[in-house]
Amino acid sequence: MAKIHVSTTINGEPTEFLCDAGDSMLDALRDTLGLTGSKEGCGTGDCGACSITLGGRLVCSCLMLAAEADGQEIETIEGMAKPDKLHPLQQKFLESAALQCGICTPGMLVAAKSLLERNPDPTETEVRFWLAGNLCRCTGYDKIVRAVMETAADMREAAR
Ligand code: FES
Ligand code: FES
């Protein structure tokens with residue numbers, strides 16, 4: 001079957017790739033483009049480990065077809081830090097030991113960043129609600145929620 005040619009923008013970089021009609025965006029990111037930060041936890045839209053943004057909207061890349069990226073703007077965990085500086089959320093996760101495993105952390109960070117872009121002053125309930133789509137099988141939610149709240153406060157202060 002003929003491959004589909006996709007022209008998209010990923011983390012600000014114009015990007016082109018070929019995919020099959022049934023390929024997920026997660027497949028394209030990991031297997032074709034070498035962007036392995038987005039992880040496959042479940043592959044069925046339940047865990048959030050594959051979270052990316054598409055046109056600024058938080059989506060599960062395992063549920064999105066790669067061909068749907070055509071003409072769209074995508075951001076992944078690889079675009080979160082500047083070359084010489086972590087995103088404030090990444091820095092806070094590190095400092096406060098808001099630990100998740102390597103499968104869960106990228107999705108949590110992408111989701112938290114998306115929340116703070118929409119709502120710079122979320123309540124704890126809003127943070128917990130927003131991260132409800134990011135499932136881990138072990139622990140860590142309290143520290144993560146606290147880290148997101150503290151980052152939001154720091155970013156509001158920095159924006160004054
Ligand atoms: S891998 Fe996409 S939601 Fe779990
Ligand atoms: S931190 Fe990844 S499964 Fe719990």
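The values are calculated or read from the model by the stated rules, or taken from the named source; none is laboratory data. Because the structure is a prediction, the values reported are computed rather than measured. Ideal geometry is used to build each Cβ from the backbone, glycine not excepted, and the neighbour counts take in all protein chains shown. When the accessible area is computed, the model is the full protein with side chains, heavy atoms only, and any ligands, DNA or RNA have been set aside. Shrake-Rupley method; radii C 1.70, N 1.55, O 1.52, S 1.80 Å.
If you filter the stretch 1-34 down to residues that are assigned to a loop (DSSP other than H, G, I, E, B) and either within 12 Å of the chain's Cα centre (by Cα) or among the charged types (D, E, K, R) (or both), you find that the one that is nearest to ligand 1 (Cβ to nearest atom) is Asp23.
Matching residues to (1) modelled with pLDDT of 95 or more; (2) within 24 Å of Thr36 (Cβ to Cβ); (3) among the aromatic types (Phe, Trp, Tyr):
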{"site": "Gln100", "(1), (2), (3)": "no, yes, no"}
{"site": "Leu109", "(1), (2), (3)": "yes, yes, no"}
{"site": "Lys113", "(1), (2), (3)": "yes, yes, no"}
{"site": "Glu124", "(1), (2), (3)": "yes, no, no"}
{"site": "Trp130", "(1), (2), (3)": "yes, no, yes"}
{"site": "Lys143", "(1), (2), (3)": "no, no, no"}
{"site": "Thr151", "(1), (2), (3)": "yes, no, no"}
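Output yes when any residue across the stretch 65-85 is open to solvent by less than 40 Å² (accessible area, probe 1.4 Å) and touching a Pro at 6+ places or on another chain (Cβ under 6 Å), and no when none is. Checked against the condition, which is being open to solvent by less than 40 Å² (accessible area, probe 1.4 Å) and touching a Pro at 6+ places or on another chain (Cβ under 6 Å), the stretch 65-85 yields at least one hit. A single member of Glu126, Glu95, Glu117 is within 18 Å of Glu75 (Cβ to Cβ) and of a type in the set (Asp, Glu), and it is Glu117.
The combined condition, being within 16 Å of ligand 2 (Cβ to nearest atom), part of a loop (DSSP other than H, G, I, E, B) and open to solvent by less than 30 Å² (accessible area, probe 1.4 Å), is not fulfilled by Gly41. So which residues in the stretch 119-134 are surrounded by 15 or more Cβ atoms within 10 Å (Cβ to Cβ), touching a residue at least 12 places away in the same chain (Cβ under 8 Å) and not basic (Lys, Arg), if there are any at all? Selection gives Pro122, Val127, Trp130, Leu131, Gly133, Asn134. For the stretch 96-109, the candidate set comprises residues that are touching a residue at least 40 places away in the same chain (Cβ under 8 Å) and open to solvent by 10 Å² or more (accessible area, probe 1.4 Å); within that set, the residue that is farthest from Gly48 (Cα to Cα) is Ser96.
Scoring Ile52 on the criteria (1) more than 16 Å from ligand 2 (Cβ to nearest atom); (2) touching a Lys or Arg at 6+ places or on another chain (Cβ under 7 Å); (3) closer than 19 Å to Gly133 by Cα leaves a single failure, condition (2). Of the residues in the stretch 105-122, not one is within 12 Å of the chain's Cα centre (by Cα), of a type in the set (Asp, Glu), away from ligand 1 (no atom under 16 Å from the Cβ) and on the phi < 0 side of the Ramachandran plot. Candidates in the stretch 44-57 are the residues that are open to solvent by 50 Å² or more (accessible area, probe 1.4 Å) and not polar (S, T, N, Q); of these, the one that is farthest from ligand 1 (Cβ to nearest atom) is Gly55.
Applying the criterion of being buried (at least 16 other Cβ atoms within 10 Å of the Cβ) and hydroxyl-bearing (Ser, Thr, Tyr) to the residues of the stretch 135-160, the residue that is farthest from ligand 2 (Cβ to nearest atom) is Thr151.
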